[in-house]
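Have a look at the structure below, then the notes.
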Amino acid sequence: MEAAVMAASVAAAAAKEAALAASVAAKDAALAAATAKDAVLAALGLAATATAKDAALAAATAKEAAVAASAAALHAKEAADVAATAGEVASRAADVAVAAVPAAREHRFHPIDDNQDSGNIDDDGGSIGVLPDAVLGSIISLLPTKDGIRTQAISRRWRPLWRSAPLNLVVDNKLTGKDCSTADLTTKILAEHSGPARRFLLCTYISDCFNKFEHWLSSRALDNLHELEINYKFCYGYYLLPLSMYRFAPTLRLAKFSVCHFPDSIVQLSLKFPSLKQLTMENVTISEDALQSILSGCNVLESLELKNTLGTARVCISSQTIKSIGFCTGWRKESVLLQELVIADAPCLERLLPLGPQFGPATIRVISAPKLKILGVLSKDISELHFGTTFFQKMIAVSLTTKMHSVRILVLEPAGPYLDIVVNFLKCFPCLERLYVTFQSETGMDNSWKYDPLDPIECLELHLKEVVLKNYDGTRPSIDFAKFFILNAKVLKEMKIKLPFHRMKNWFPKQHRLLRTEHRASRDARIELTCCISENLTDNMHTHDLSIADPFEMPSKGCFPCS
């Protein structure tokens, strides 16, 4: 049965290759590629427990999705050849799952065993076996570590492929064998594999592998590594990263570091990361000079996430390629925390995402970011906000001399909210299309603000299409706040009002009556009230996933009494 399951996994991986190829090659194929991805995930989910028949069905579903992706890509001239080839890979991968069914009851997999008979499967592993080694290697590198090793048992044709395929090595508590610890099995895998490596992820107790970690990093199996993730799980203190880790700098495309310490000596190394596009530092200690040295060596960096970094008080970003930045400061009072973020020169920056504004940094200064589209969450906990010469102090406008016409999505957590505070942000971002506001009700608020048509606000007149109000409580200040946009946003399409707790059904008609008005500015505007669990807009951030148009648009968690 495992043979069919493995074949289905391989088929699913091939379908994923097809969908990804189509998506990259043509934007027009993006929707179909997403469908293929969903099918792949479903197939992989079934692979853990499915029967041979279920595995074949899952593979067939993945195959259909990949064919859809290929067909959609044909509408884009540049994607036609790539998608067709990838679709063929997926088709053959699905065929091998069906071919594996007769042998499912007899065949078992065992990792790294050259003496094992390959069972009743054809010597080439089915029709997928005629594909070039490079294509099969790419498929194997997408599988989980242990499943990649088990592909050696599919047939004689497959037996040597894992050792030469790009290694995908995840060292965690799932990587264990019979009478073999995680550390020992990792050592064995690195000894058996000849390299190169696609991914190395360490997520385990450092005490379990302290004496072996540096030896692993020096292994030839990790040569030309593309993705490196280090997370010293539940480590007390911050483990010093060994210098041998920096040998991967020339080939890394993705790097993530958690609970570790960067030595100041890396400044003298003048490291260059010519291929690095994604960088995450979470709960790390690093000096300002060391961090700036690393960033200056990333010439193609597209996304950066700094979460709870210690030892750096100021970060200055000057990058010609960066598109997305997510950040928040730490909470340990005895350490040097991030106090100021400066965007000095970022011509491609599209997203600036404070991930935990309640913790700072105290100052955000945007000097040059002409393509900035998505901004937030901004709150009163950020003491100073500078956009060119425009200046907000604890969200109160001090100067509004610079307007940022590029911003389309804005997320605010102001006190109250007081309407006059939000209106000044609307003036600063005149082309705003979507506004999120989280309510933090205070007593004594007065939001009966009257719009002056002789002093029009551009985004209300021409651009604002959607308003999302979270933690709305239905009090008079909240009603006045919502009605301001209903009465004055002339192209408003939708207002989503989300309550922080359950309300009885008769409460909703009353609120609808209070919010409806004969003089609303947009006749097409739809008002939707829902009660749901209180949502934190910083819970679902996508700093690195640039394919998501709006990182703050998330499905509602729902309300249990209403379900």
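The values are calculated or read from the model by the stated rules, or taken from the named source; none is laboratory data. Computed from a predicted structure; not experimentally measured. As a convention, Cβ positions derive from the backbone with ideal geometry for all residues, glycine included, and neighbour counts pool all protein chains shown. Note: accessible area is taken over every heavy atom of the protein model, side chains too, but ligands, DNA and RNA are not part of it. Shrake-Rupley method; radii C 1.70, N 1.55, O 1.52, S 1.80 Å.
How many of the residues in region 294-309 are free of Cβ contacts under 8 Å to residues at least 40 places away in the same chain and open to solvent by less than 20 Å² (accessible area, probe 1.4 Å)? Counting residues in region 294-309 that are free of Cβ contacts under 8 Å to residues at least 40 places away in the same chain and open to solvent by less than 20 Å² (accessible area, probe 1.4 Å) gives 5. When region 316-350 is filtered for residues that are over 22 Å from Pro274 (Cα atoms), in a strand (DSSP E or B) and modelled with pLDDT of 90 or more, the ones remaining, listed by number, are Phe327, Glu340, Leu341, Val342.
Once region 183-214 is narrowed to residues that are of a type in the set (Val, Ile, Thr) and open to solvent by less than 30 Å² (accessible area, probe 1.4 Å), the residue that is modelled with the lowest pLDDT is Ile206.
Can you spot a residue in region 522-534 that is open to solvent by less than 30 Å² (accessible area, probe 1.4 Å) and at pLDDT below 85? Yes; the residues of region 522-534 include at least one that is open to solvent by less than 30 Å² (accessible area, probe 1.4 Å) and at pLDDT below 85. Residues in region 440-481 that are open to solvent by 10 Å² or more (accessible area, probe 1.4 Å) and in a helix (DSSP H, G or I): Glu458, Glu461, Leu462, His463, Arg476, Pro477, Asp480. So for region 225-233 (the condition being touching a helix residue (DSSP H, G or I) at 6+ places or on another chain (Cβ under 7 Å), over 27 Å from Glu302 (Cβ atoms) and surrounded by fewer than 20 Cβ atoms within 10 Å (Cβ to Cβ)), does at least one residue qualify? The answer is no, given that none of the residues of region 225-233 is touching a helix residue (DSSP H, G or I) at 6+ places or on another chain (Cβ under 7 Å), over 27 Å from Glu302 (Cβ atoms) and surrounded by fewer than 20 Cβ atoms within 10 Å (Cβ to Cβ). Looking across region 145-184, the residues that are under 18 Å from Asp133 (Cβ atoms) and β-branched (Val, Ile, Thr) come down to Ile149, Thr151, Ile154.
Summed over region 271-315, residues that are more than 19 Å from Gln339 (Cα to Cα) and assigned to a loop (DSSP other than H, G, I, E, B) total 13. Within region 357-369, restricting attention to residues that are under 16 Å from Phe429 (Cα atoms) and of a type outside the set (D, E, K, R), the residue that is surrounded by the most Cβ atoms within 10 Å (Cβ to Cβ) is Ala369.
Yes/no per residue for (1) surrounded by fewer than 17 Cβ atoms within 10 Å (Cβ to Cβ); (2) in contact with a Leu (Cβ under 7 Å, 6 or more places away or on another chain); (3) in a loop (DSSP other than H, G, I, E, B); (4) of a type in the set (Val, Ile, Thr):
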{"position": "Lys371", "(1), (2), (3), (4)": "yes, yes, yes, no"}
{"position": "Leu378", "(1), (2), (3), (4)": "no, yes, no, no"}
{"position": "Leu385", "(1), (2), (3), (4)": "no, yes, no, no"}
{"position": "Phe392", "(1), (2), (3), (4)": "no, yes, no, no"}
{"position": "Ile421", "(1), (2), (3), (4)": "no, no, no, yes"}
{"position": "Phe425", "(1), (2), (3), (4)": "no, yes, no, no"}
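Scanning region 482-513 for residues that are open to solvent by 60 Å² or more (accessible area, probe 1.4 Å), of a type outside the set (D, E, K, R) and not in a loop (DSSP other than H, G, I, E, B) yields a total of 2. Kindly establish whether Val437 is surrounded by fewer than 16 Cβ atoms within 10 Å (Cβ to Cβ) and not in a loop (DSSP other than H, G, I, E, B). Spelling it out, it is not the case that Val437 is surrounded by fewer than 16 Cβ atoms within 10 Å (Cβ to Cβ) and not in a loop (DSSP other than H, G, I, E, B).
Taking residues in region 441-455 that are at pLDDT below 80, and partners anywhere that are assigned to a loop (DSSP other than H, G, I, E, B) and among the aliphatic types (A, V, I, L, M), the pairs with Cβ atoms closer than 7 Å and at least 6 places apart or on different chains are Glu442/Ala415. Within region 173-182, the set of residues being of a type in the set (S, T, N, Q) and open to solvent by 50 Å² or more (accessible area, probe 1.4 Å) comprises Asn173, Thr176, Ser181.
Per this entry, Ser406 is counted among residues that are modelled with pLDDT of 95 or more, surrounded by fewer than 17 Cβ atoms within 10 Å (Cβ to Cβ) and within 26 Å of the chain's Cα centre (by Cα).
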